[in-house]
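Engineer: The structure is given below, and queries will be raised subsequently.
Values in this text are rule-based calculations from the coordinates and carry no lab data. Here the structure is a predicted model, which means the values were calculated and not measured. Here the Cβ positions follow ideal geometry from the backbone for every residue, glycine too, while neighbour counts run over all protein chains shown.
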Amino acid sequence: MYKIAVIAGDGTGPEVINEGLKVLNSISLKYDIQFDFTKFDFGGGRYLKTGETLPDGALKDLKSFDAIYLGAIGHPDVKPGILETGILLKLRFGLDQYINLRPIKLYPNVETPLANKKPEDIDFMVVRENTEGLYIGSGGFLKKGTPDEVAIQEMVNTRKGVERCIRYAFDLTRKRNKKKKLTLSAKTNVLVHAHDLWMRTFTEVAEEYPDIEADYAHVDATTMWMVKNPEWFDVIVTTNMFGDIITDLGAMIQGGMGIAAGGNINPGGVSMFEPIGGSAPKYTGKNIINPIAAILAAQMMLGFLGEKKAADNLEKSVIKTISRMKSMSAGKMGYSTSEIGDMVSEEL
Ligand code: IPM
Ligand code: MN
């Protein structure tokens, strides 16, 4: 019996999470796996009513679950930053989910904007550091609102944080057993302090993995290769901010936000799985958003819970469903949100 915390969140979050739960219930019937779902109402709606982002005690409660299944956080009526730092980042930091794992995989019959690239060319993973870097919120203003204003936003990289992320990436590259190549994506030519730490740590840890090719690319060049030669990549390890940026590019080359899923991983604690797109307010309530990303987030969650067979078969069911869809974009799929969930369940 797995205890799953469900945070459907804002906008289209609840719609896509419903389809994910539908599919998990089918998994439950087919594989004799029990789930105990507990819903939490964190998000913009609750914030607008109560002024509260994550209530006291939420982190402690969530630590008693086996995993968290998250829809989307973000509300058009709430100023940018409040929900992001108060809910999403607070969960990632508070639960020490130090890896943000984002597979970039082009499935058959999915359209990519990259000309002449096929599923075998686009299949890699980004390991994004998830608790440090530019995301820690440290810094401040001097003389705010005056012509002499100074705004400082500090980037923090710790040896411990960098090393555990890099080790995770090397282990993953070995476990994937594909090209056996790990690319560090950073900016050592400009961030001569912070990324010197990344490079040194990467080089030192690489010694322990002689079977893995340790490769380096500056982040700007990484975006270029992701478009021109995505087949060069196997696993990319990168910082929090760079990982945020390159995984949106990754989502596009794998067919769009409708299909991109990720996991916020604490290997020794509670991990959280989410579709990486936002709350998509303009599609809310129309039953037209693509739930595949949320279903693939559930698939990732199953894999992390150790249910490999169920996870593999769910991926196959998703691939079959995709082959019947007209597009991965909201409103153009040829089916409604709930029909897609039904189709995946039937395939199972
Ligand atoms: C993501 C999102 C978040 C991030 C935002 C919503 C804070 O863009 O998960 O990639 O920047 O990490
Ligand atoms: Mn992002």
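Engineer: Normalised by the number of residues in the chain, what is the relative contact order in percent for Cα pairs under 8 Å and 6+ residues apart?
Structural biologist: Values: 707 pairs, mean separation 83.6, N = 348.
It comes to 24 percent, rounded to a whole number.
Engineer: Pairs of lysines 8 or more apart, or on different chains, with alpha carbons under 29 Å: count those in the stretch 117-200, would you?
Structural biologist: Taking the stretch 117-200 as the scope, the lysine pair count is 20.
Engineer: Between MET241 and ARG167, what length in nm is gained on full extension when 0.36 nm per residue of separation is reduced by their alpha carbon distance?
Structural biologist: On the way: separation 74, 0.36 × 74 = 26.64 nm, distance 1.90 nm.
My answer for the length gained is 24.7 nm.
Engineer: Going by how many other Cβ atoms sit within 10 Å of their own, how do LEU191, LEU83, LEU62 line up, fewest first? Working shown, then result.
Structural biologist: Values: LEU191 17, LEU83 25, LEU62 22.
So the residues, fewest neighbours to most, are LEU191, LEU62, LEU83.
Engineer: Work out the FRET efficiency for ASP312 and VAL150 from their Cβ-Cβ distance, taking R0 = 35 Å, and round it to the nearest 0.05. Present the calculation step by step, with values, prior to reporting the outcome.
Structural biologist: On the way: r = 53 Å, r/R0 = 1.52.
Result of the calculation: an efficiency of 0.10.
Engineer: Would you compute, from DSSP H runs of 4+ residues alone, the mean residue ellipticity of the chain at 222 nm, taking -39500 (n - 2.57) per run and dividing by the full residue count, rounded to the nearest 500?
Structural biologist: Details: 11 runs with 132 residues, N = 348.
Dividing the helical sum by the residues of the chain leaves -12000 deg cm²/dmol.
Engineer: So how do SER185, SER338, SER64, SER271 line up by other beta-carbon neighbours within 10 Å, fewest first? It would help to have the intermediate numbers written out before the result.
Structural biologist: Details: SER185 27, SER338 14, SER64 10, SER271 22.
If I rank by nearby Cβ atoms, fewest first, I get SER64, SER338, SER271, SER185.
Engineer: While we're looking at this one, here's another question. Of THR238, THR38, THR131, how do they rank once you tally other Cβ atoms within 10 Å and put the fewest first? The partial results should precede the final answer.
Structural biologist: Values: THR238 28, THR38 14, THR131 24.
The fewest-first ordering by Cβ neighbours comes to THR38, THR131, THR238.
Engineer: Given a Förster distance of 35 angstrom, what is the FRET efficiency for PHE141 paired with LEU249, based on the Cβ-Cβ distance and rounded to 0.05? Numbers along the way, then the final one.
Structural biologist: Values: r = 31 Å, r/R0 = 0.89.
Efficiency, from the Cβ-Cβ distance: 0.65.
Engineer: Sticking with this one: Where nothing but the Cβ of Lys and Arg (+1) and of Asp and Glu (-1) is charged, how large is the charge dipole of the chain around its Cα centre, in debye to the nearest 20? Show your work: numbers first, answer last.
Structural biologist: Working: 41 positive and 44 negative charges, 65 e Å.
In debye, rounded to 20, the chain gives about 320.
Engineer: Restrict the search to the stretch 187-252; then list the GluC sites (Glu not before Pro) that DSSP places in a loop and that have at most 16 other Cβ atoms within 10 Å of their Cβ. Working shown, then result.
Structural biologist: On the way: sites: GLU204, GLU207, GLU208, GLU213, GLU231; in loops: GLU207, GLU208.
Sites meeting the loop and neighbour criteria: GLU207, GLU208.
Engineer: Can you grab the distance from the C-alpha centre of the stretch 114-190 to the C-alpha centre of the stretch 23-51, Å, no decimals?
Structural biologist: 29
Engineer: Moving on. Which Cα, out of GLY43, ILE253, GLY74, lies furthest along the positive dipole direction of the chain (beta carbon charges, K/R +1, D/E -1)?
Structural biologist: Looking along the dipole axis, the top candidate is ILE253.
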